[in-house]
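The values are calculated or read from the model by the stated rules, or taken from the named source; none is laboratory data. All figures in this text were calculated on a predicted structure; none of them were measured in a lab. No Cβ is skipped: glycine too gets one built from the backbone with ideal geometry, and neighbour counts run over all protein chains shown. Surface accessibility is based on the protein's heavy atoms, side chains included, excluding ligands, DNA and RNA. Shrake-Rupley method; radii C 1.70, N 1.55, O 1.52, S 1.80 Å.
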Amino acid sequence: MRALILAAGAGSRLRPLTRAVPKPLVSVGGAPMAVRQIVALREAGVRDVVINAAHCWRLLRAALGDGSAWGVRIHWSVEGDSVEEALETRGGIVKALPLLSPDGESPFLVVAGDIVTDYPYGRLVARGTALGKDALAHLVLVPNPSYHPAGDMRLEDGRVRRDAPTHTFSSLGVYHPALFAGVDPVEAGLFPWMNAFCAEGRVTGEVYEGYWRNVGDFRELALAEREAPRLEGVWPRPICAHAVGA
């Protein structure tokens with residue numbers, strides 16, 4: 001099973017840090033967040049990782065390369081030269097679909113490049129094998145963080161619902177390619193587009209109460225730096241900002 005790491009955004013709330021460095025290369029606990037995701041996916045048995053990119057994509061690709069440093073193969077889905085050309089989540093998935101599911105039938109994971117978590121991705125791999133006609137996606141929900149107290153989803157008999165939310169979507173999930181059949185690779189988010197599938201009961205879910213942070217601003221970055229376990233020896237070289245113009 002393959003996985004997509006979402007890495008095309010600008011990380012505007014982490015400026016000026018992200019003016020020259022894409023947010024997934026921001027370090028937490030000794031390693032860039034993208035590397036933390038790569039290592040966690042490899043530990044779950046994922047060997048092919050797709051990364052979508054736009055903002056500072058040359059620097060991102062120069063830093064992460066082909067993935068061999070971490071025992072994976074990285075495939076690149078470049079959406080443009082700037083954040084204005086980024087396709088958001090749904091568009092990014094659709095553009096990368098031939099890389100994510102070459103046979104058009106295999107499910108794939110999608111994880112955000114700015115999430116720091118100890119969620120076991122092997123659980124998503126296992127969930128993906130059950131996707132098909134009945135369920136086309138499986139999402140991980142988390143307790144509402146302080147900056148999103150209203151939440152955006154809830155579970156009812158193991159199915160994701162959008163009304164009367166009690167939890168927050170973690171930006172971690174596994175999807176069947178049939179979910180995106182006939183969808184064009186244009187700029188678009190997953191929601192509210194997926195609301196109809198949720199209403200039909202075709203999106204399953206789970207609640208994870210372990211460690212999870214969405215590093216969207218400096219407060220969350222400071223908390224993650226303090227809380228997250230260090231990853232020693234997985235980032236052997238400095239980030240070279242001059243590669244932006246490469």
message = Could you compute the net charge surrounding Ala54? Neighbours are other residues with a C-beta less than 13 Å from the C-beta of Ala54; K and R count +1, D and E count -1.
response = -2
ask   = Sorting Asp184, Asp152 by accessible area (1.4 Å probe), largest first, what list results?
value = Asp184, Asp152
inquiry  = Counting heavy atoms of the protein chains only and a 1.4 Å probe, report the per residue accessible area for segment 1-149 as a whole number of Å².
reply    = 37
Length gained when the stretch Ala62-Ser82 is fully extended (0.36 nm per residue, less Cα-Cα span) = 5.6 nm
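Nothing charged except the Cβ atoms of Lys and Arg (+1) and of Asp and Glu (-1): what's the magnitude of the dipole of the chain about its Cα centre? Round to the nearest 20 debye.
For this selection, approximately 480 debye.
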task = For Arg15 and Asp152, calculate 0.36 nm times their separation in residues minus their Cα-Cα distance, and state this gained length in nm to one decimal.
result = 46.7 nm
key: At most 16 other Cβ within 10 Å, DSSP loop - trypsin sites (Lys or Arg not before Pro), segment 109-148   = Lys133
query = Of the labelled options (1) 0.95; (2) 1.10; (3) 1.39, which one gives Cα Rg over 2.2 N^0.38 Å as computed for this structure?
reply = (1)
remark   = Computed for segment 66-181: size of charge dipole around the Cα centre, +1 on C-beta of each Lys and Arg, -1 on C-beta of each Asp and Glu, debye to nearest 20, value 460
note = Ranked by GNM mean-square fluctuation in the chain (Cα springs under 10 Å), the top entry among Tyr121, Tyr147, Tyr208 is Tyr147
ask   = Where does the charge balance sit around Arg15 when Lys and Arg score +1, Asp and Glu -1, over other residues with C-beta under 15 Å from its C-beta?
value = +1
note = With the dipole of the chain defined by +1 on each Lys or Arg Cβ and -1 on each Asp or Glu Cβ, the option from Cys198, Gln37, His176 whose Cα lies farthest towards the positive pole is Gln37
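For Leu223 and Arg159 in one chain, what is 0.36 nm times their gap in residues minus the Cα-Cα distance, to one decimal in nm? Don't jump to the answer; show the numbers that get you there.
Working: separation 64, 0.36 × 64 = 23.04 nm, distance 3.14 nm.
Contour length minus the Cα-Cα distance gives 19.9 nm.
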query = For the chain, what is the percent of antiparallel DSSP beta bridges, rounded to the nearest 5?
reply = 50
ask   = Taking K and R as +1 and D and E as -1, what net charge do the other residues with C-beta under 14 Å from the C-beta of Arg42 add up to?
value = +1
request  = Give a residue-ordered list of calculated ³J(HN,Hα) values for segment 194-201 (Karplus: 6.51 cos²θ - 1.76 cosθ + 1.60, θ = phi - 60°; whole Hz; x for Gly, Pro).
outcome  = 7, 4, 5, 5, 5, 5, 7, x
ask   = How much of the accessible area of segment 74-175, probe 1.4 Å, is carbon plus sulfur, in whole percent?
value = 51
query = Going by the alpha-carbon gyration tensor, a ≥ b ≥ c the square roots of its eigenvalues, is segment 4-136 rounded (a/c under 1.5) or, if a/c is not under 1.5, prolate (a/b greater than b/c) versus oblate?
reply = prolate
